[in-house]
Amino acid sequence: MAEQRIATRADDYAQWYQDICHHAELAEAAGVVRGCMVIRPHGFAIWEKMQADLDRRFKATGHKNACFPLLIPMSFINKEAEHVEGFAPELAIVTRAGGKELEEPYAIRPTSETIIGHFFAKWIDSWRDLPLLINQWANVMRWELRTRLFLRTGEFLWQEGHTAHANPEESKEEVVRMLQVYRDFCHEIMAMPVIRGIKTESERFAGAVETRCIEALMQDGKALQAGTSHDLGQNFGKAFDVTFQNQDGERDFVWQTSWGVSTRLVGALVMSHSDDDGLVVPPRLAPIHVAIVPIFRKDEERVAVVEAAHRVAAELRDDGLTVEVDDRDDMRPGAKYFEWERKGVPVRLEIGPRDLQENAVMAKMRVAELDERGRAVKLKLPMEGIGIAVGELLDTFQKELFDRAQARLDESTVLIDSWDDFESTFADGKSRFVYAHWDGTAETEAAIKAETKATIRCIPYAEDAPEGVGEPGTCIKSGKPSAQRVLFARNY
RNA sequence: CGGGGCGUGGCUCAGCUUGGUAGAGCGCUGCGUUCGGGUCGCAGAGGUCGGAGGUUCGAAUCCUCUCGCCCCGACCA
């Protein structure tokens, strides 16, 4: 294991991000496959926890999992005009198989609207077949020109929900509902506050009539789109002839939705909570909740201390926690501390001879206050009731991480009314969450992007944005009337 | 895809300008010593320098091509 330093966020944010991925053993560039990554066990464990919770939420909202082919006939992709245009440049295409040229090439799925549309057409006949609520956990491939671990990789893991409905009201409800599911997941599980909103036309998903999204603030002030929920209207229904007979006996095309989150969320997690000491993971996603480090000097101490450590571990495991007893004897405690902190374990317990005497253990939270001498504060917990105490620490920590992220979001959020202020906010690669007026035109949006690199992340939900954002005004760039402020930021 | 940087033991890098077939630190193995915030000592294993081609008596060092990684940009749910 390398023992190099982690770059600081202040010195080199991009390097820091890479260092976290490396030191916490989340992932590494595959190298042998361009733009693709290997998700290592510790990173994958976080993704599995995300999956488990999201899957539960999808099922609770009536969705069923299914799995469609990885390869999609090119003709399918070509059926929806905007969809082709949006995805054609980043397709990887299979032209040979079984030792000969294929009659029709297959695209490796960049997303599955088309092939799922094909099967929806087979499965749906009557209004009684609707709504059809399907989710797929899968890998997809998009040949991106510039990749970054988790944030944008050639291949990534995700879930894609695909639903079909009998009328536009129901599909709209679905779009809103699933965005809410994502929002709740981000808040409750990832401890990451997000802003819900609607994408402008130019940021919309290729083939959708409306795209909703959740946008999260990263520690460098940039925005990360953490999830999307698309109202596809009848676009794919028409392209794939997905029709049904309604209650009046008339044939109509279904109204569809699609929605997804990906392994990008792991990147969002890193950039929401981690610090210059390494990864920080909220307890609800932590692959390891507690690391116990036994402290000893002599052999007889060692026996007693390690035995106590395992006893505590057993009690915590009974409470459903994942616990590591770090009884490696070729490593000093300090080195172990650094290792577990790099990997983002929320709580570390230290048990030494002194603690045994006092029938207590020392606890150190992954993010801790410093005392007057600049050392991390440790808590003394009685051995009696240790399970309850640690459970409370984890609950508190989960909440503190959210509060910390929310405070960071609040601090980084500004309302701006002058173009000069707007430009300087985004000067020199800087970014914040800026609410400003916009005249609603794609031209102005493009002009602002060209001059400042800031894009409209979304037209926010009123309840997620600061007060006054919903009021009319004049466009910061053109001076024309604006219905409300929109969220600007640089983005990943 | 444009501009820039880089690719040398597991990791991070030095060596390259001024060609002479490889070095350091960390990690790893063994023994001992240590162990409440990155122990110390001794002994040892491990690379042919991303790949291909060329120049040369001789290439990690020079040239060409190529693959990959990182940064900026363009592009992109």
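The values are calculated or read from the model by the stated rules, or taken from the named source; none is laboratory data. What you are looking at is a predicted structure, and each value in this text was computed from that prediction instead of being measured. Heads up, the Cβs are rebuilt from the backbone with ideal geometry, glycines too, and the neighbour counts pull from every protein chain shown. The protein model used for the area step is the full one, side chains on, heavy atoms only, and it has no ligands, DNA or RNA in it. Shrake-Rupley method; radii C 1.70, N 1.55, O 1.52, S 1.80 Å.
Using the Cα gyration tensor of chain A, with a ≥ b ≥ c the square roots of its eigenvalues, what is the shape: rounded (a/c below 1.5), prolate (a/b larger than b/c) or oblate (neither)?
Numbers: a/c = 2.01, a/b = 1.56, b/c = 1.29.
Prolate, since a/c reaches 1.5 and a/b exceeds b/c.
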* **Charge dipole magnitude, Cβ of K and R +1, D and E -1 - chain A, Cα centre, debye nearest 20** => 760
* Cα-based helix-to-principal-axis angle, A:442-452 vs chain A, degrees rounded to 10 -> 40
* Between segment A:365-441 and segment A:307-329, what's the alpha-carbon centroid distance in Å? -> 30
* So, with +1 on the Cβ of K and R and -1 on the Cβ of D and E, and no other charges, what is the size of the charge dipole of segment A:288-395 about its Cα centre, to the nearest 20 debye? -> 420
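Given a 1.4 angstrom probe, I'd like the percentage of the accessible area of chain A that is carbon and sulfur, rounded to a whole number. Walk me through the intermediate numbers first.
Numbers: 10800 of 22240 Å².
Answer for chain A: carbon and sulfur cover 49 percent of the accessible area.
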* For a quick protection proxy, order the peptides A:55-68, A:330-343, A:473-486 by their average other-Cβ count within 10 Å, most packed first. => A:473-486, A:330-343, A:55-68
* Asked: Average projected area of the Cα convex hull of segment A:353-470, in nm²?
  -> 11.9
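When the helices in chain A are scored as -39500 (n - 2.57) per DSSP H run of 4 or longer and the sum is shared across all residues, what 222 nm value do you end up with, to the nearest 500 deg cm²/dmol? Can you show the working numbers first?
Values: 14 runs with 169 residues, N = 492.
Computed mean residue ellipticity for chain A: -10500 deg cm²/dmol.
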* **Relative contact order (percent, whole number), chain A, Cα cutoff 8 Å, 6+ residue spacing** => 14
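When DSSP assigns beta bridges and you keep just the ones with both residues in segment A:347-469, what percent turn out antiparallel, to the nearest 5?
Values: 9 of 12 bridges.
Percentage antiparallel, nearest 5: 75.
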* **Dipole of segment A:13-273, positive direction: furthest Cα of A:G98, A:L130, A:Q245, with charges on the beta-carbon** => A:G98
* **Taking segment A:413-489 and dividing mean pair separation by its residue count, relative contact order in percent (alpha carbons under 8 Å, at least six apart)** => 39
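Determine Rg/Rh for segment A:13-273; Rg is computed over alpha-carbon atoms and Rh is the Kirkwood hydrodynamic estimate from the same atoms.
Rg divided by Rh gives 0.98.
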* Quick one: accessible surface of A:L370, probe radius 1.4 Å, all protein chains present, in square angstrom to the nearest 10. => 120
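Can you pull out the GluC sites (Glu not before Pro) in segment A:194-251 whose DSSP state is coil and whose Cβ has at most 12 other Cβ atoms within 10 Å? Mind showing how you got there, number by number?
On the way: sites: A:E201, A:E203, A:E210, A:E215, A:E250; in loops: A:E250.
Taking segment A:194-251 and a limit of 12 other Cβ atoms within 10 Å, the loop GluC sites (Glu not before Pro) found are A:E250.
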* Structure fact -> Taking the alpha-carbon centre of each part, the distance from segment A:188-237 to segment A:454-492 in Å is 15
* Asked: Roughly what % antiparallel, to the nearest 5, for the DSSP beta bridges in chain A?
  -> 85
* Asked: Between A:D241 and A:D318, 0.36 nm times their residue separation minus their Cα-Cα distance comes to what?
  -> 22.3 nm
* Considering only protein heavy atoms, what per residue accessible area in square angstrom results for segment A:132-242 with a 1.4 angstrom probe? -> 31
